[in-house]
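Structure first, then comments.
The values are calculated or read from the model by the stated rules, or taken from the named source; none is laboratory data. Keep in mind that what you see is a predicted model, and the values were worked out from it rather than measured. Cβ sites come from the backbone with ideal geometry, for glycine too, and all protein chains shown count toward neighbours.
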Amino acid sequence: MEEKIENRTAEIVVIGLGYIGLPTAIMFATAGFNVIGYEIRREVVDKINSGEAHIVEPEIDELLQGVVGSGKLRATSDPEEIKDREVYIICVQTPLNGDKTPNLSYLESAVKTVAKAMRKGSLVVIESTVPPLTTVRMAKLIEEMTGFKAGEDFHMVHAPERVMPGRIFKELVYNSRIFGGITPESAELAEKLYRSFVKGQTFKTNSTVSEVVKLMENTFRDVNIALANEFAYLAHQYGIDVFEAIELANTHPRVRIHTPGIGVGGHCLPKDPHLLVWPAREDFGLIRLAREINDGMPLLAKDLLFEALKTVNLPPEKAVVAVLGLAYKGDSDDTRNSPAKAFIEAIEGDVGEVRTYDPFVGGTHGSVEEALNGADAVVIATDHSEFKSLDWERLGGLMRTRILIDGRHVVEEPPEGFVFKGIGRGEY
Ligand code: SAJ
């Protein structure tokens with residue numbers, strides 16, 4: 001196995017061709033391995049096999065065409081085609097159920113698919129973010145299904161992805177990686193495999209440590225954003241601009257306050273703090289409270305909008321509101337757990353009409369101009385680059401009433417002639 005990894009003849013199966021699986025499959029194929037991507041969505045399989053990516057990410061189209069063209073990567077929905085390979089890498093989602101408990105059904109079904117396909121000696125890697133102790137549990141599941149002994153007859157590793165959408169192909173290469181093996185040999189093998197394209201540092205540990213490390217990273221970010229958001233609330237009380245205050249505080253050598261905003265979205269930050277504490281089954285106050293603060297931010301944006309409507313004496317039920325941005329973060333087409341969607345849900349039913357425009361996602365209207373034509377209020381919910389250079393004087397001329405609510409600190413100076421309010425930007 002070691003030799004096959006070193007001379008890149010080991011055959012790799014990547015299970016789940018989403019935001020992480022597809023780029024990872026592309027990287028291994030570019031490094032010279034034969035890669036099969038297994039994906040149950042047939043339309044995604046067809047698209048990939050014709051050299052077209054189903055996700056938006058810089059560089060992905062050229063890279064995918066290269067490896068599909070050279071025959072190094074192909075996708076399939078047929079479990080027969082992934083039998084008896086050396087390496088299986090699982091990149092499926094691990095979302096939350098409605099009651100905020102982890103939904104591990106996609107992971108369990110992927111592990112079962114692998115157990116049916118793998119051979120003695122295979123290396124199984126879980127890249128998905130999972131609650132602590134899950135990798136050990138999944139190794140037991142494979143033992144039960146195959147009769148193989150974990151660590152002896154097969155290798156198993158948790159190797160969490162750490163890339164940021166929008167920078168995936170850079171971060172896959174240059175970020176450091178952690179390999180948490182169920183045995184030291186498992187970790188060693190996975191490290192050798194990923195060294196085929198990773199130029200960042202690599203570290204080996206056990207699978208439970210690596211599971212916790214991954215979850216701590218995103219919980220750290222979530223809690224820090226919650227602190228910044230709490231500062232934004234305080235700034236409204238004191239009538240100051242929190243962004244000016246943060247910029248000044250961050251000149252201190254040991255302070256790095258995060259950026260407040262309309263909310264924390266995506267597939268990771270809103271979920272991972274719950275995964276971290278779930279197996280412990282105790283109430284961890286700080287982590288829970290941070291989640292509540294961040295989940296509450298779309299409601300602060302709603303308050304700002306309704307205050308603005310009050311100042312122009314426009315009853316909410318008569319207001320036409322244009323929301324700019326549906327994605328959870330700037331220059332992305334990803335709407336998973338998007339605060340923009342939470343904001344829209346919060347105002348729908350209370351206002352006369354909600355229009356939406358997003359250059360990456362679409363929306364009810366095809367352009368900023370169309371969305372703003374005759375509108376009473378515009379709310380910026382995503383920091384897409386396109387929104388940073390808008391000419392507010394011209395756009396204001398299209399609107400029926402000029403209200404601008406900035407949920408993402410996209411507008412530097414409040415434009416003239418507008419009722420302007422922004423999260424953290426002073427009084428209510
Ligand atoms: N956000 C703020 N304020 C900030 C930073 C972010 O409100 O100061 C918001 C964003 O607008 C967005 C959400 O938080 O709605 C999450 O965005 P993000 O850019 O912080 O992170 P993700 O979800 O795109 O990617 C994170 C990254 N984790 C860390 O930076 C610790 C990435 O490295 C992980 O690989 C990824 O989660 C993951 O897959 O776990």
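Could you grab the pairs with beta carbons closer than 6 Å, sequence gap of 6+ or different chains, first residue in segment 11-32 and at pLDDT 95 or above, second one assigned to a strand (DSSP E or B) and surrounded by fewer than 23 Cβ atoms within 10 Å (Cβ to Cβ)?
The qualifying pairs are Glu11/Asn34; Val13/Ile36.
Evaluate segment 229-238: report whether one residue or more is within 10 Å of the ligand (Cβ to nearest atom), assigned to a loop (DSSP other than H, G, I, E, B), in contact (Cβ under 8 Å) with a residue 40 or more places away in the chain and among the polar types (S, T, N, Q).
no
For segment 370-385, name all the residues that are away from the ligand (no atom under 16 Å from the Cβ) and either touching a residue at least 24 places away in the same chain (Cβ under 8 Å) or polar (S, T, N, Q) (or both). Break it down stepwise before answering.
Kept after step one, since they are away from the ligand (no atom under 16 Å from the Cβ), are these residues of segment 370-385: 370-378.
If the condition is that a residue be away from the ligand (no atom under 16 Å from the Cβ) and either touching a residue at least 24 places away in the same chain (Cβ under 8 Å) or polar (S, T, N, Q) (or both), then Ala371, Leu372, Asn373, Gly374, Ala375, Asp376, Ala377, Val378 are the ones that fit.
May I ask you to list pairs of residues, at least six apart or on different chains, whose Cβ atoms are under 6 Å apart, with the first in segment 97-119 being under 19 Å from Ala10 (Cα atoms) and the second being surrounded by 15 or more Cβ atoms within 10 Å (Cβ to Cβ) and of a type outside the set (Ser, Thr, Tyr)?
Pairs found: Val114/Val124; Ala115/Ile142; Ala117/Ile82.
With respect to Ser207, is the statement that it is at pLDDT 95 or above and assigned by TED's automatic domain parsing to the domain that holds Asp84 true?
Details: at pLDDT 95 or above: yes; assigned by TED's automatic domain parsing to the domain that holds Asp84: no.
Answer is no for this residue.
Hey, among Gly32, Gly66, Gly51, Gly37, which residue is crowded, with 16+ Cβ neighbours inside 10 Å and either assigned by TED's automatic domain parsing to the domain that holds Leu189 or under 19 Å from His155 (Cα atoms) (or both)? Quick ask: steps written out before the conclusion?
Values: Gly32 fails: crowded, with 16+ Cβ neighbours inside 10 Å; Gly66 fails: crowded, with 16+ Cβ neighbours inside 10 Å; Gly51 fails: crowded, with 16+ Cβ neighbours inside 10 Å.
Only one candidate passes the filter, namely Gly37.
Please find, within segment 387-428, the residue that is nearest to the chain's Cα centre (by Cα) out of those that are among the charged types (D, E, K, R) and within 16 Å of the ligand (Cβ to nearest atom).
Arg408
Which of the residues that make up segment 302-331 are more than 17 Å from Gly366 (Cα to Cα), touching a Ser or Thr at 6+ places or on another chain (Cβ under 9 Å) and either within 11 Å of the ligand (Cβ to nearest atom) or among the β-branched types (Val, Ile, Thr) (or both)?
Matches in segment 302-331: Val312, Tyr328, Lys329, Gly330.
Scan segment 334-347 and give yes if some residue there is under 30 Å from the mean Cα position of the chain (by Cα), under 16 Å from Leu309 (Cα atoms), assigned to a strand (DSSP E or B) and more than 16 Å from the ligand (Cβ to nearest atom), otherwise no.
No; the residues of segment 334-347 include none that is under 30 Å from the mean Cα position of the chain (by Cα), under 16 Å from Leu309 (Cα atoms), assigned to a strand (DSSP E or B) and more than 16 Å from the ligand (Cβ to nearest atom).
Determine which member of the set Leu326, Leu304, Leu314, Leu299 is touching a helix residue (DSSP H, G or I) at 6+ places or on another chain (Cβ under 7 Å) and surrounded by 17 or more Cβ atoms within 10 Å (Cβ to Cβ).
On the way: Leu304 fails: touching a helix residue (DSSP H, G or I) at 6+ places or on another chain (Cβ under 7 Å); Leu314 fails: touching a helix residue (DSSP H, G or I) at 6+ places or on another chain (Cβ under 7 Å); Leu299 fails: surrounded by 17 or more Cβ atoms within 10 Å (Cβ to Cβ).
From the options Leu326, Leu304, Leu314, Leu299, the qualifying one is Leu326.
Of Thr101, Thr113, which residue is among the hydroxyl-bearing types (Ser, Thr, Tyr), modelled with pLDDT under 95, more than 16 Å from the ligand (Cβ to nearest atom) and out of contact with any His (no Cβ under 6 Å at 6 or more places or on another chain)? Spell out the reasoning first.
Numbers: Thr113 fails: modelled with pLDDT under 95.
Among Thr101, Thr113, only Thr101 is among the hydroxyl-bearing types (Ser, Thr, Tyr), modelled with pLDDT under 95, more than 16 Å from the ligand (Cβ to nearest atom) and out of contact with any His (no Cβ under 6 Å at 6 or more places or on another chain).
Conditions (1) closer than 21 Å to Lys302 by Cβ; (2) β-branched (Val, Ile, Thr), marked per residue:
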{"residue": "Leu234", "(1), (2)": "yes, no"}
{"residue": "Tyr238", "(1), (2)": "no, no"}
{"residue": "Phe243", "(1), (2)": "yes, no"}
{"residue": "Ala249", "(1), (2)": "no, no"}
{"residue": "Thr259", "(1), (2)": "yes, yes"}
{"residue": "Gly265", "(1), (2)": "yes, no"}
{"residue": "Lys271", "(1), (2)": "no, no"}
{"residue": "Asp283", "(1), (2)": "no, no"}
{"residue": "Arg291", "(1), (2)": "yes, no"}
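Sort out which residues of segment 180-213 are among the aliphatic types (A, V, I, L, M), under 23 Å from Gly121 (Cβ atoms) and touching a residue at least 40 places away in the same chain (Cβ under 8 Å), and write them in order of number.
Ile182, Leu189, Ala190, Leu193
Ala371 versus (1) in a helix (DSSP H, G or I); (2) in contact with a helix residue (DSSP H, G or I) (Cβ under 8 Å, 6 or more places away or on another chain); (3) under 19 Å from Ser338 (Cβ atoms): which is the lone unmet condition?
(2)
Does Phe360 satisfy the criteria of being under 29 Å from Glu57 (Cβ atoms) and aromatic (Phe, Trp, Tyr)?
Values: under 29 Å from Glu57 (Cβ atoms): yes; aromatic (Phe, Trp, Tyr): yes.
So Phe360 fits the description; yes.
What's the number of the only condition in (1) touching a residue at least 60 places away in the same chain (Cβ under 8 Å); (2) over 19 Å from Met164 (Cβ atoms) that Arg336 fails to meet?
Here Arg336 clears every test but (2).
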